[in-house]
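Comments concern the structure below.
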Amino acid sequence: METVNIKKSPHRWTPENHGFIGYVCYLDGWPSTTKKKRSSIMKTKTILAILIAGAVAATRADAQQVDTVFATNSLREPMGVGAQGDYIYVTASVNNQVVRFHPGTGVLTVLAGSLAGVSGMVDGQGTAARFNSPQGLVVDEARGGLVISDSGNNAIRLVTWNGLVSTLATGLSYPVGLARDASGNVYIADAGSGSIKILFANNTVATLAAGFNGPAAVAVGDDGAVWVADTRNHVIQRIQTTGSGMGVTMVGAPRVVAGLLNTTGAVDAEQGPDARFNNPRGLLWIGGNTGLLISDTANHSLRRLYTNTVYGGYTVVTVAGGLGENNSGFVNGAPLSARFNSPVGLCRDTTSEGILVVDRGNSAIRRLQTMPPQPRIKNPRIGYIRLTDTPAGIVAVLTPVTSITFNNDEVLGIEAEVGVQTFFTTGPTPADPLDIDNQIPNPGPGVGSTPPAFISGQPNLPPSVVEPSPNFIIKARSSAQGRQASDVVLAQFIFKVATPTISGDNAAYLPVGNITFGARMFYTTNGVDPVDGAAEQNFGPVFDGNVISLPRSDTNIVLKIRAFRDRYQPSEVVTKVLSAVNFTANKMTLGFEGGEGSSRFLGAPGQQFVVPLTLEVLEGQKMYSLQFNASITNIGTSPAVNNATLGYDTMLMRRVETAGGVVYYPIPPAFLAVSGFTNLYQTNNALGMLLLGYMERNSKTNLYDTTKQHLIQYSIAHNTLFESADRKVVVGGFRFTVPPTAAPDSTYTVSVGRPSATSDGIQNDVYIETPTNRSVRTLKIASFPYIVGDCMPFGWFNAGDFGDSNILSADLMQVFQTATYGLNTPPGTSDFFDAMDSCCVDTNGVDQSGNPAFYADTGIDTLIDRIAWGDGNLDVNDIFVSFRRGLDPSRVWYARYWPTNPPTGARRYEIVPNRFRSLTGALSEPVRYRNNGDGTPPLIRLTAADVIPVAGQEVEVPIQAEIQGGSPLRVFMVRLVVEALDGSPAITTPIRFVPNVAFGQPGISYSRGPNDFSGAWLDNTRGMDASGVLGRLYVTIPANANASSAYRVRIASFSGSPNGLGIYPVVKTDGLLTLANRNTSSANDGIPDSWKLRHFDSLDNILTHAMADADGDGVPNWQEFKAGTHPNDPQSRLAVLANRAAQSREMVIKWPSVSGKRYIIEVCTELGSGQWTPIASGISGDGLMKEFRDATTEGGLRFYRVRVQE
C-alpha cells in the first residue's frame, strides 16, 4: 500500500451561514414549516435540515453543514464511497484504484490497484492487483471487505480489508452502482445492459429487471423496494420485490416515481412526476419516512424523495447545493449555500450523523452533517487488571501499559468509554515493528473480537481477553454511530518464565525456586544450556521448592538451569559453579553418634538385636519416597545368622490430628497397588539382607498424607519425636537374632546400603551417602545385664543401650503410656520391652498371675520378691511391681542378661542390689494386708451410667464397679473417653474424673484432649472392699448441643488388681449421654436408638440395620440386642458348648453369659419337631461362663438349646 498525507479541510462556519428565517420544526427527522399553506418557496428555501431516521432533532444552527472531509488532485474521477470503522473507502475510476482514508490521521492509502494508475484485470494483493475504471462500492461485512463494480472489466470484484483482490463475477456490461440487502444480495446497476442485476451470496448473478437507460445507481429500501437512478432517462424508478436471499423476485414492473422520461430539468415538486432531474448518478436510502437521497449529478445538488402523505405520492426537494446545471462550485457551509461539482456516490458516515458525498468534479469527499459534531471517542486503555485494596473496598482496577513482561498469568483487559463498541485484534509481535499493521489487522466493526465489558472499580475480575503467549500485541479501537472512532491503540505483552533461583553452594542439596507458577526447570552439569525436556545429560524437570541433589565430585561442578512453561518464553539460563570443598551430603547411618537412636553394637547369643537405621539430613531436605537395604554377615568362623529371624520395625510416622489431639501412626514400608497395599519388605537370604522401601506420590494420601507432610518429616523410636527440620531421622530398626551358639570372639558385619530417595515424590533424586565408618558397623559379643523395671534413659532397645541402674518415676511412665494408651510400644522381643515387663513369672518360671495368692492381702512382699520374669504383657501389675521395687528399699531387685560363656541362647536372671541413686536402706516396718477372698472367681464389671444431660451444663456420670470374688480393688488404671456421636458438637471443656475417696488421688494421670482422661492408682493399702462407685466423671455438654445430640462415655481401657499382682478379669459397659430419651426405635425394628448409637456411633450407619452382622459372627443385630452381646465383637455371642462328664455321664452345658440377662435351657428329642421342653430357667448371667449339668442319662437322643428368657 502507498500512503499520502492529505490536508483536511476545516469547518468554516460563520454566523451568516447559519441563519434561519421563520420557525422550522422537524417532523420524522426532516424539516417542514409550521404553516399549513405550502409553496415553492417553502419547498426550496426553508428545507434546510436533514436528519437520519431515529436521530434527535438538532438544537443548533450549525448542525446542518456541508464540509470537506478531504480533497486532493491525486484523486481522479472518484465515483463510489463507503465507510467502515475509522476508514473511508473510495473508488478512483481514472486512477484504477481503491483508496482508503483515515480522517483522524489524514493519511490516504492505496488499498488496491496500480500505484501508477495502470489498468488491467489482475487479482492479487494490494498494488499488485489491477482494475479498469472501478466505480461502484458497497461495504460487505459478510464477505469481509468491499464489493467493487469494476466497470471497464465488466466484473464485480472483492477487496478485503487488508487489500486482497479477488473476482466474484464477470460477464456484466459496464456495472456501476451497487447496493446490498440484509440477506447478503448485492444489487448491480448494469449500465451497459440497461438492467438491474443481483449478485447472490453464492456469487451467482441473475437479472431482476431490465429496460432502463444507462442506470448508474441502485438503493435497497424498505418493504422490498429497490430504487433505480435511471440516469439517461433522467428519472427515479421503483421496483417492488418479494422474497429474500436467492428467492428475490420482482412484483409487477418498474415504475417511474419522480421525473419525466427523457426530460432534463431542475425542478422540485410536491408531485414526483412534476420534478425534473439531470443525469442522477447516486442513491442512498436513508430509511423510514425520511426517504431517498439522490445525487442529481448534472444539477450539482442533493435531492430528497420522500413519501408525502398529504398528496398520497412522492415529493422531491433539494436539500444541499445549488439546483441547476450552472450552479457548480466548491463551497462549504449551510446546505443550500454549499456548492458541489457533479456529486455522485453516497454513503452514511460512520463517524458522525452525516452523509458522505463523492464530489467528483472537485476530486473531493464532502460531508452533509446532519447533527452537531460529536466529540471523538476516547482511546481505549489496554492493560492488566488486578484486585486492589482501596478505600471503597477490594475492587478490580486496570493498569494501562504499552509494553510489559509478566512472569505469571494475568487478567488482561480493555477499558473503554461507556456506550461505545470496542473491538480488538491480537497476534504475535512481528520481528519488524513496521510490519505490525500487515501482520495484525486494525480492529473495528466486523474485524476482531469484542472484549469482556470492564469498568475499573467493579468488584470482580473479568475473564482475560486473551490467554498468555510468549510475545504478542493487542490492538483495540472503539467506535459508535455518529462519532469519530478512537485511534487504534496497541500494547505489547511478553510472558516469560522468571529466572530460577539456586540456594546455597552445596551440590548435594540445592533448593531451587521460581516465582512462575508451574514452571518446570531443567539443568545440566556438562556446560551445555538446558533444553525443555528430559534427555541425556539434560536433567529434570524440577519445580519450585524442589531440591537438586548431585553426587559427590572431586572437581568443581558447573550447574546450568533454565525454566520453561507452555505458552511462555523460557527463562534466562542461570549458571552456578559449585566447589567440591563445599560438598556435604545426606547420610544414612547405623545410628547417631550418641543419645536416643544410638547403640553400642554389643550383642549376646540368642538376643533379639535391633540395629538403629538413621538419617542425618541437610537443612530443609524433604523426601517423599525412600529405599535402602540392611544386612548382617558373619565374619570368619562366626556362626551365621538365621535369616528367618530378620525383621524390621518402621519408625517413620504419619501425623494425624484427632479430636483428642495429635496422634502419630507408623508408616509401613509399602506402596498402594490396585489390589491394596503391597509390602516393600523383601529378603535376600543369600546375603542376609532386607530390601526395604517406602513409595507415595506427591499429592496423594494413601501411604501417608503428602499434602500435610513428607515421608521423613516425623519419626519416633521411643519417646522423642524427631522432626527432619532438626536434621535427624530415625528410619527404623533392623532386627535379627544373634546366633545362640555365638562364642565370645564371634563378630558380625552390619551394614546399610544403596539408599536413594526423591525430593518431590515423582522423579527428583536425593543423593544419600553411606559413610564407611558409620554405615558399616561390627557387632561384637558381650553381655550387659539390665535391671528389671529400669528402662530410662533410653538410647536404644538393646541391653546396654538403656537404663541407669535406678527404678524411678520415668521408668514407670514408660509402662504406663504403653499399657494405657498403646503409645511408644517397643518391639515385643527387645530387651527394652523385657525390662518394662516386670511381672508375673517367678524364679521357677511359673506364671503366678493365676495364683489365688495374687488376690490375697498377705504375703505380697514375699510374692513380689519371687517375681523374676515378665509374662509378655504390659499392664498395671508391671507398674505396681516396679513401683514397689523403686520405692521400697527392702524389695528384691532382679537383673536379666544373655550369658556368653558358655552361651545358652536364653536369658538368665540374677539378684542385684536395691538402690536409689546409689543409696540403700530398709523400711522400718513392712506393710501387711488383710485377706477378704471368699473363693469365688475374681471379676470386675465396670459400667458407665446412661444419663440425660442438659446442653451447656455439667453432668455427673457415675462409673460403677461390681467386684466379684471377695477380694478388694486396690490398684488400677483406667482411661475414659467421651465421644461425640452422630454429628454432635465435640466436647471442648476438659472432662474431670473424681475417684472414690477410698483410692485417693492418682499416682499418675494424663489427658490427650478435653474429652480424654487416664490415671493410675498404685497405693495397694487403700481401695474398695466391695462393689460401689469407682468414681464420677464430670462432662460439660456443649451449649449448641440439641435434642438429637448424643455422646458415648467409653471405658477405653481398665486394668485392676487387689494388690498389684493379680489382675481382675473385666467386663466393660460404655455409658450413653443423650439430650432426649432415645430408648425408642425410630426405625421401628424393635432395636432402640440408644443401642445403635452406643455401638455404631450414628443412626445413619448401614450397619445399624436389624439384619446387619457387623462383626461377621453369624448373629444379626436384632439377636445381639436380645442376647445382650456386643455386635462389634465376634467373640461376644450366645454360643453353647456341650460335653459329657467322664465319671457321672452328666451332660455339661456351658455358655457365655451377660450380666443382667436370665437364661432358660430347653431340650427336645427330635430337632425338626419344634417341641422344646424347659429343663431349667431363671438362670442369672454374671458375665462369665455359665454351666448347667443335666443328670438325665437315659432316654435316647436329646438336643439342647440356651436362650434368653424374656
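The values are calculated or read from the model by the stated rules, or taken from the named source; none is laboratory data. Quick caveat: nothing in here was measured; it's all calculated off a predicted structure. Backbone-built Cβ (ideal geometry, glycine too); neighbour counts: all protein chains shown.
The table that follows gives values for the structure above.
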| item | result |
| --- | --- |
| Strands (runs of 3 or more DSSP E) contained entirely in segment 517-635, each with at least 2 residues that are farther than 24 Å from ALA507 by Cα and of a type in the set (S, T, N, Q) | 625-634 |
| Single residue of SER549, SER478 found to be buried (at least 23 other Cβ atoms within 10 Å of the Cβ) and under 30 Å from GLN84 (Cβ atoms) | SER478 |
| Within segment 580-596, considering residues that are farther than 14 Å from PHE628 by Cβ and within 41 Å of the chain's Cα centre (by Cα), the one surrounded by the fewest Cβ atoms within 10 Å (Cβ to Cβ) | ASN582 |
| Pair list, Cβ under 7 Å, 6 or more apart: segment 258-269 residue in a strand (DSSP E or B), other residue surrounded by 14 or more Cβ atoms within 10 Å (Cβ to Cβ) and among the basic types (Lys, Arg) | THR264/ARG276; VAL267/ARG276 |
| Whichever residue in segment 672-689 is in contact with a Pro (Cβ under 9 Å, 6 or more places away or on another chain) and not in a loop (DSSP other than H, G, I, E, B) and, among such residues, is nearest to ALA640 (Cα to Cα) | TYR681 |
| Residues satisfying the stated conditions in segment 694-730, i.e. not polar (S, T, N, Q) and not in a loop (DSSP other than H, G, I, E, B) | TYR694, TYR714, ILE716, LEU721, PHE722, GLU723, ALA725, ASP726, LYS728, VAL729, VAL730 |
| Exclusive hit being surrounded by fewer than 19 Cβ atoms within 10 Å (Cβ to Cβ) and either modelled with pLDDT of 95 or more or within 49 Å of the chain's Cα centre (by Cα) (or both), set ASP745, ASP804, ASP726 | ASP726 |
| Single condition LEU461 does not satisfy, out of (1) surrounded by 14 or more Cβ atoms within 10 Å (Cβ to Cβ); (2) farther than 30 Å from ALA392 by Cβ | (2) |
| Residue, nearest to VAL730 (Cα to Cα), within segment 656-690, restricted to residues that are over 37 Å from the mean Cα position of the chain (by Cα) and crowded, with 17+ Cβ neighbours inside 10 Å | LEU690 |
| From the options GLY966, GLY933, residue that is at pLDDT below 75, more than 30 Å from THR658 (Cα to Cα), in the same structural domain as ALA1026 (by TED's automatic domain parsing) and part of a loop (DSSP other than H, G, I, E, B) | GLY966 |
| Any strands (runs of 3 or more DSSP E) falling wholly within segment 1167-1206 and containing at least 1 residues that are under 24 Å from GLY965 (Cβ atoms) | 1173-1180, 1185-1190 |
| From the options VAL1115, VAL1148, VAL1154, VAL1163, residue that is in contact with a helix residue (DSSP H, G or I) (Cβ under 8 Å, 6 or more places away or on another chain) and either at pLDDT 90 or above or in the same structural domain as LEU1197 (by TED's automatic domain parsing) (or both) | VAL1154 |
| Residue within segment 462-475 that is assigned by TED's automatic domain parsing to the domain that holds ASN408, more than 30 Å from TRP161 (Cα to Cα) and in contact with a strand residue (DSSP E or B) (Cβ under 7 Å, 6 or more places away or on another chain) present | yes |
| Qualifying residues in segment 1109-1147 (those that are in a helix (DSSP H, G or I) and not polar (S, T, N, Q)) - the one surrounded by the most Cβ atoms within 10 Å (Cβ to Cβ) | GLU1120 |
| Enumerated strands (runs of 3 or more DSSP E) restricted to segment 1003-1084, each holding at least 1 residues that are closer than 22 Å to ASP875 by Cβ and in contact (Cβ under 8 Å) with a residue 40 or more places away in the chain | 1004-1006, 1012-1017, 1028-1036, 1046-1057, 1066-1069 |
| The lone exception for ALA1106 - which of (1) assigned to a loop (DSSP other than H, G, I, E, B); (2) under 26 Å from SER1180 (Cβ atoms); (3) within 47 Å of the chain's Cα centre (by Cα); (4) of a type outside the set (S, T, N, Q) it fails | (2) |
| Qualifying positions in segment 391-403 - at pLDDT below 95 and not in a strand (DSSP E or B) | PRO391, ALA392 |
| Residue match in segment 1127-1145 (condition: at pLDDT 85 or above and either under 21 Å from ILE1087 (Cα atoms) or of a type in the set (Lys, Arg) (or both)) | yes |
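Yes or no, residue by residue, for (1) without any contact (Cβ under 8 Å) to a residue 12 or more places away in the chain; (2) outside any strand (DSSP E or B); (3) acidic (Asp, Glu); (4) loosely packed, with under 15 Cβ neighbours inside 10 Å:
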{"position": "ASP389", "(1), (2), (3), (4)": "yes, no, yes, yes"}
{"position": "THR405", "(1), (2), (3), (4)": "no, no, no, yes"}
{"position": "ASP409", "(1), (2), (3), (4)": "no, yes, yes, no"}
{"position": "THR422", "(1), (2), (3), (4)": "no, no, no, no"}
